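**Student:** To start, I am sharing the structure in question, which I have written as structure tokens.
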Amino acid sequence: MEAHGHEEQVLGRAYDARLMRRLLTYIRPYRRSAAMALLLIVSASALSVLPPYLTKVAIDRYISSGNMAGLNLVAVIYVATLAGTFALSFGQTWVMNVMGQKIMFDLRMQIFRHLQKLDVAFFDRNPVGRLMTRVTTDVDALNELFTAGVISIFGDVCTLLGIVVILFVMNYKLALVIFSVLPLLFLVTFFFKIKVRDSFRRVRAAIARINSFLQENLTGTAVIQICGQERKRYSRFEKINREHLEANLQSIFYYAVFYPLLELVGALAIALIIWYGGLQVFAGSLTLGALVAFIQYSDRFFRPISDLSEKYTILQAAMASSERIFKLLDTGASVAPAPGFVAEVHRGDIEFRDVSFEYNPGEPVLRNVSFRVKPGERVALVGATGAGKSTIISLLSRFYDVTQGAILVDGTDVREFDPQGLRRGIGVVLQDVFLFSGSVAENISLGDAAIPEAQVRRAAQIVHADDFINRLDRGYATRVGERASSLSVGQKQLLAFARALVRDPRILVLDEATSSIDTDTELLIRDALERLLQGRTSIVIAHRLSTVQNADRILVLHRGRIRESGTHQDLLRLKGIYWRLFQLQYKDQLLAPPAAARLRVPVQQLPG
């Protein structure tokens, strides 16, 4: 959390040429829109500096001489100028915002696509709340840059340059009077920049903490309620939320001070113009129309400066967000297919050769593990929690790469496989079932249009999920979500079985797959699995030894090493680790045959 908060607080420079060049590449597909917006902005800026000059002309040429026809013409031109400015401003706002939204769409899709390619180890190191911040808050900061920053800055600069040129042409002495307040303006802006930078850093850090806290607590709502921690978690969130409130209030305070100060400096400039310009009018060296125009130009001169000060904050936030986004996009997947990779699994022959693995350097989880699972063989992995059973499955699926040694499938190192092709050949059923938002059928097929509905139904029938699915309101079309509160734990597990089997994998992995299923449901699916596993290479992980006693071979892991290997009866005769585990689980019924061995539930053989 501390590292996360530190990363969110780092704002970096207000302008980074390297990052800006990279950001501008996202405009390239919409360069016509960008060029149109730039043209509209420059045109609107040019028109916006005309009204004060028209006021000077109207006063000096026509009002002073009583020329009503000329005054009417100037009034029409004045109104046309305002209408043109409105139309051009509307056009550039529309074009820029549409372009900005399209760029944000492209960027979010790029980030999501990149996240899907990253390996599991990356998500072990990065909290979900942080990644959500990248896709939401950071991308929104860039949206402000594209819609109100990078291109519109040209409009403010053009307006300032136009006003400066006109003022010097009209009366350079009076122009210098206006510019005499610029040091005070720069001082106010510098103070604002420092204070807003600090408050913005606090806002960013607070937002990051809120995202992380919400993700963690909403995911663990059931645990919080069971343990009666609602008040404590509420108090904790109140503290984090209050930090966000205070940081925003501080930012609001500085904005509330800054803009009135700008108005005050502008009023001071106008007062100097009235005083000095009035003296020049009395002396006959300045017309009354020019004095009025100077007052109007002075007011317009400070607006772009105010806008540029605000755009400084937008630019600074965008630079920080872009740095974090590009850091994520530049993070490569450590698990990638080698050139000339093998596409798919065909036979299901598995071999571990002296495999060692460390999640963290210096903390080995597996030590010189070697074993082979022949095609069609059923091997069980047992051992205490932390022995390395699930790690073996993660390495086989190549969620991680081994630290030492090699894992071979069909005689080929898994590092030579296409990761997607490798995983398509491995059906995995985990203890914790994750269901996506969608229908029951979509959760089984995972939205793969290549899997026909009949195949989905066959998979569900084989694992005995078809009966309860048909009892749902809309059957296979019933909508479920991530939590799927309307389904029991056992029903969710059955859907997970169907999901693994629907692709007809050559290798089937059951990782504590029946530990959450009631006894009746377990007996139903076990008989189906007996025939289903025929012809498939299977690895079964379980704490409940009753689920692995019929395995062809049982491997006993202890502290990252394989300590025993053999059949159920062989290992009992050894009276080693497996025998002790068996005693702990069946101390009241040692040597009694398990219920599953006495009960066989007839299951109709289904096609496929």
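The values are calculated or read from the model by the stated rules, or taken from the named source; none is laboratory data. These figures come from a predicted structure and were not determined experimentally. Glycine also receives a Cβ, built like all others from the backbone with ideal geometry; neighbour counts cover every protein chain displayed. Only protein heavy atoms, including side chains, enter the accessible area calculation; ligands, DNA and RNA are left aside. Shrake-Rupley method; radii C 1.70, N 1.55, O 1.52, S 1.80 Å.
**Student:** Take the conditions free of Cβ contacts under 8 Å to residues at least 40 places away in the same chain, open to solvent by less than 50 Å² (accessible area, probe 1.4 Å) and not acidic (D, E) and apply them to V265. Does it pass?
**Tutor:** no
**Student:** Can I ask one more? Taking segment 176-190 as the search range and keeping residues that are assigned to a helix (DSSP H, G or I) and touching a residue at least 40 places away in the same chain (Cβ under 8 Å), which one is surrounded by the fewest Cβ atoms within 10 Å (Cβ to Cβ)?
**Tutor:** Across segment 176-190, the extreme among qualifying residues is L184.
**Student:** Now a separate question. Just one of the numbered conditions (1) open to solvent by less than 70 Å² (accessible area, probe 1.4 Å); (2) aromatic (F, W, Y); (3) modelled with pLDDT of 90 or more is not true of W275; which one?
**Tutor:** (1)
**Student:** Counting just the residues of segment 94-110 that are of a type in the set (A, V, I, L, M, F, W, C) and surrounded by fewer than 17 Cβ atoms within 10 Å (Cβ to Cβ), which one comes out nearest to Q420 (Cα to Cα)?
**Tutor:** If we take residues in segment 94-110 being of a type in the set (A, V, I, L, M, F, W, C) and surrounded by fewer than 17 Cβ atoms within 10 Å (Cβ to Cβ), then M109 is nearest to Q420 (Cα to Cα).
**Student:** Out of everything in segment 343-369 that is surrounded by 13 or more Cβ atoms within 10 Å (Cβ to Cβ) and of a type in the set (G, A, S), what residue ends up being modelled with the highest pLDDT?
**Tutor:** Checking each candidate, the answer is S356.
**Student:** Among the residues of segment 382-409, write down those that are outside any helix (DSSP H, G or I) and of a type in the set (S, T, Y).
**Tutor:** Within segment 382-409, T385, S397, Y400, T403 qualify.
**Student:** I'm trying to understand the selection: among the residues of segment 285-318, which are within 13 Å of N171 (Cβ to Cβ) and of a type in the set (G, A, S)?
**Tutor:** S285, G289, A290, A293, S298
**Student:** Turning to a different aspect of this structure: Would you tally the residues in segment 434-485 being open to solvent by less than 80 Å² (accessible area, probe 1.4 Å) and under 24 Å from the mean Cα position of the chain (by Cα)?
**Tutor:** Qualifying residue count for the region: 8.
**Student:** Within segment 66-79, track down each residue that is hydrophobic (A, V, I, L, M, F, W, C) and open to solvent by less than 60 Å² (accessible area, probe 1.4 Å).
**Tutor:** Residues satisfying the conditions are L71, V74, A75.
**Student:** S45 - would you say it is closer than 23 Å to G91 by Cβ, at pLDDT 90 or above and of a type in the set (S, T, N, Q)?
**Tutor:** Answer is no for this residue.
**Student:** Against the condition small (G, A, S) and over 30 Å from Y297 (Cα atoms), how does G100 come out, does it pass?
**Tutor:** yes
**Student:** If the Cβ limit is 8 Å and pairs must be 6+ apart or interchain, which residue in segment 229-252 that is farther than 10 Å from A206 by Cα and open to solvent by less than 90 Å² (accessible area, probe 1.4 Å) pairs with which residue that is in a helix (DSSP H, G or I) and polar (S, T, N, Q)?
**Tutor:** R233/N217; F237/N217; Q250/S199; S251/S199
**Student:** Just checking, which of L19, L50 is modelled with pLDDT under 90, surrounded by 13 or more Cβ atoms within 10 Å (Cβ to Cβ) and closer than 30 Å to N97 by Cβ?
**Tutor:** When all the criteria are applied, what remains is L19.
To keep it simple, each residue is scored yes or no on (1) under 23 Å from I207 (Cβ atoms); (2) modelled with pLDDT of 95 or more; (3) assigned to a loop (DSSP other than H, G, I, E, B); (4) under 42 Å from the mean Cα position of the chain (by Cα).
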residue: N72; (1), (2), (3), (4): no, no, no, no
residue: L88; (1), (2), (3), (4): no, no, no, yes
residue: G91; (1), (2), (3), (4): no, no, no, yes
residue: W94; (1), (2), (3), (4): no, no, no, yes
residue: I103; (1), (2), (3), (4): yes, no, no, yes
residue: R108; (1), (2), (3), (4): yes, no, no, yes
residue: A121; (1), (2), (3), (4): no, no, no, yes
residue: D124; (1), (2), (3), (4): no, no, no, yes
residue: L131; (1), (2), (3), (4): yes, no, no, yes
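**Student:** Cβ-Cβ distance below 8 Å, separation of 6 or more or different chains: which pairs start in segment 85-101 with a residue that is free of Cβ contacts under 8 Å to residues at least 40 places away in the same chain and of a type in the set (D, E, K, R) and end on one that is surrounded by 15 or more Cβ atoms within 10 Å (Cβ to Cβ) and part of a helix (DSSP H, G or I)?
**Tutor:** none
Quick grid of which residues meet (1) crowded, with 19+ Cβ neighbours inside 10 Å; (2) within 30 Å of G91 (Cα to Cα):
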{"site": "H114", "(1), (2)": "no, no"}
{"site": "K117", "(1), (2)": "no, no"}
{"site": "V120", "(1), (2)": "no, no"}
{"site": "R125", "(1), (2)": "no, no"}
{"site": "V135", "(1), (2)": "no, yes"}
{"site": "D138", "(1), (2)": "yes, yes"}
{"site": "F146", "(1), (2)": "yes, yes"}
{"site": "I151", "(1), (2)": "yes, yes"}
{"site": "F154", "(1), (2)": "no, yes"}
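**Student:** Condition test on K195, is it surrounded by fewer than 18 Cβ atoms within 10 Å (Cβ to Cβ), part of a helix (DSSP H, G or I) and modelled with pLDDT under 80?
**Tutor:** When the stated conditions are applied, K195 passes them.
**Student:** Quick one: A208 ticks every box in (1) among the aliphatic types (A, V, I, L, M); (2) open to solvent by 40 Å² or more (accessible area, probe 1.4 Å); (3) touching an Asp or Glu at 6+ places or on another chain (Cβ under 6 Å) bar one, so which box is it?
**Tutor:** The one condition A208 does not meet is (2).
**Student:** Which condition number does I407 fail, the rest of (1) free of Cβ contacts under 8 Å to residues at least 24 places away in the same chain; (2) in contact with a Lys or Arg (Cβ under 8 Å, 6 or more places away or on another chain) being met?
**Tutor:** Result: I407 fails condition (1) only.
**Student:** Quick one: in segment 311-342, which of the residues that are modelled with pLDDT under 80 and of a type in the set (S, T, Y) is least open to solvent (accessible area, probe 1.4 Å)?
**Tutor:** T313
**Student:** Name the residues in segment 396-433 that are open to solvent by less than 40 Å² (accessible area, probe 1.4 Å) and among the basic types (K, R), would you?
**Tutor:** Result: R398, single match.
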